[in-house]
1. Mind checking whether some residue in region 137-149 is under 23 Å from the mean Cα position of the chain (by Cα) and surrounded by 14 or more Cβ atoms within 10 Å (Cβ to Cβ)?
2. Is it the case that some residue within region 104-114 is closer than 30 Å to Phe30 by Cα, at pLDDT 80 or above and out of contact with any Ser or Thr (no Cβ under 6 Å at 6 or more places or on another chain)?
3. Being touching a Lys or Arg at 6+ places or on another chain (Cβ under 7 Å) and outside any loop (DSSP other than H, G, I, E, B): is that true of Leu138 here?
4. Looking at region 133-143, is at least one residue over 27 Å from Phe17 (Cβ atoms), modelled with pLDDT under 95 and charged (D, E, K, R)?
5. Counting only residues that are assigned to a helix (DSSP H, G or I) and touching a residue at least 12 places away in the same chain (Cβ under 8 Å), how many does region 93-134 have?
6. From the list Thr74, Thr49, pick out the single residue that is over 30 Å from Gly144 (Cβ atoms), buried (at least 19 other Cβ atoms within 10 Å of the Cβ), at pLDDT 75 or above and among the β-branched types (Val, Ile, Thr).
7. State yes or no: is Phe126 surrounded by 14 or more Cβ atoms within 10 Å (Cβ to Cβ) and within 30 Å of Ser97 (Cα to Cα)?
Amino acid sequence: MHGALLEALRHREQEIFSYLGILVPALAGFAWLLLQDKGKALTMFVPGTVAVLLMLLLGAAYSLTLGYNYRYITLQLAKIEHRLGATSTMLRGWPRSPKEFANRYRWFSLPVCAPPDMIKVFWLAFLTGIAGVTVVALVEMPVGRAGYLTIKTAGITCLALGTIGPLWFGRKFSKLCKQEPESWSEK
């Protein structure tokens, strides 16, 4: 089981290509929309832009989900290593108890579960993409008042949801840590 969890941990870090499978088509689709004839593009520009924003939000949520999964696997590995008596061989950066795990993933008093750095890069890229697509769409296309409000609302909403996601996953991770026994020596 320990080996399977270690392999799952490595696999989470290797999911980079799946991010590109979301990011590249979304941005390419948006670029295609921008290059269309302005007269014809207006009918499909607003729905297309909202679809791109939703794809980028999906990518941000995917990044956060993998980050949460990574943290949970790390918690389970630390518990197994503790119960096996391998505490001297555990990675030094890993917390040693459920309480330490819960305390590590906090921002002031709020539980936060941001992804590890390798995955965080893509989460930030998706958030940047959401902001960039929103700004470019509002500046480059004369979409009228309704289109402007639709794109602006969708962009702000997607950016807000992608940004507060670590708080949601942090609450979830904190609850999991509290369900663990106070000491992993207990069964």
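1. Start the filter on region 137-149 by keeping residues that are under 23 Å from the mean Cα position of the chain (by Cα), which leaves none.
No: zero hits.
2. Narrowing region 104-114 to residues closer than 30 Å to Phe30 by Cα: 114.
Going one step further and asking which of them are at pLDDT 80 or above, we end up with 114.
Among the residues that remain, those that are also out of contact with any Ser or Thr (no Cβ under 6 Å at 6 or more places or on another chain) are: 114.
Yes, because at least one residue in region 104-114 is closer than 30 Å to Phe30 by Cα, at pLDDT 80 or above and out of contact with any Ser or Thr (no Cβ under 6 Å at 6 or more places or on another chain).
3. Numbers: touching a Lys or Arg at 6+ places or on another chain (Cβ under 7 Å): yes; outside any loop (DSSP other than H, G, I, E, B): yes.
Considered against the rule, which asks whether it is touching a Lys or Arg at 6+ places or on another chain (Cβ under 7 Å) and outside any loop (DSSP other than H, G, I, E, B), Leu138 comes out as yes.
4. There is at least one residue in region 133-143 that is over 27 Å from Phe17 (Cβ atoms), modelled with pLDDT under 95 and charged (D, E, K, R).
5. Keep residues of region 93-134 that are assigned to a helix (DSSP H, G or I), which gives 98-104, 117-134.
Subset that is touching a residue at least 12 places away in the same chain (Cβ under 8 Å): 98-99, 101-102, 118-120, 122-123, 125-127, 129-131, 133-134.
Counting residues in region 93-134 that are assigned to a helix (DSSP H, G or I) and touching a residue at least 12 places away in the same chain (Cβ under 8 Å) gives 17.
6. Details: Thr49 fails: over 30 Å from Gly144 (Cβ atoms).
Being over 30 Å from Gly144 (Cβ atoms), buried (at least 19 other Cβ atoms within 10 Å of the Cβ), at pLDDT 75 or above and among the β-branched types (Val, Ile, Thr) holds for just one of Thr74, Thr49, which is Thr74.
7. Numbers: surrounded by 14 or more Cβ atoms within 10 Å (Cβ to Cβ): yes; within 30 Å of Ser97 (Cα to Cα): no.
No.
The values are calculated or read from the model by the stated rules, or taken from the named source; none is laboratory data. Nothing here was measured: the structure is a model prediction, and the numbers come from that model. Neighbour counts run over all protein chains shown; Cβ positions are idealised from the backbone, glycine included.
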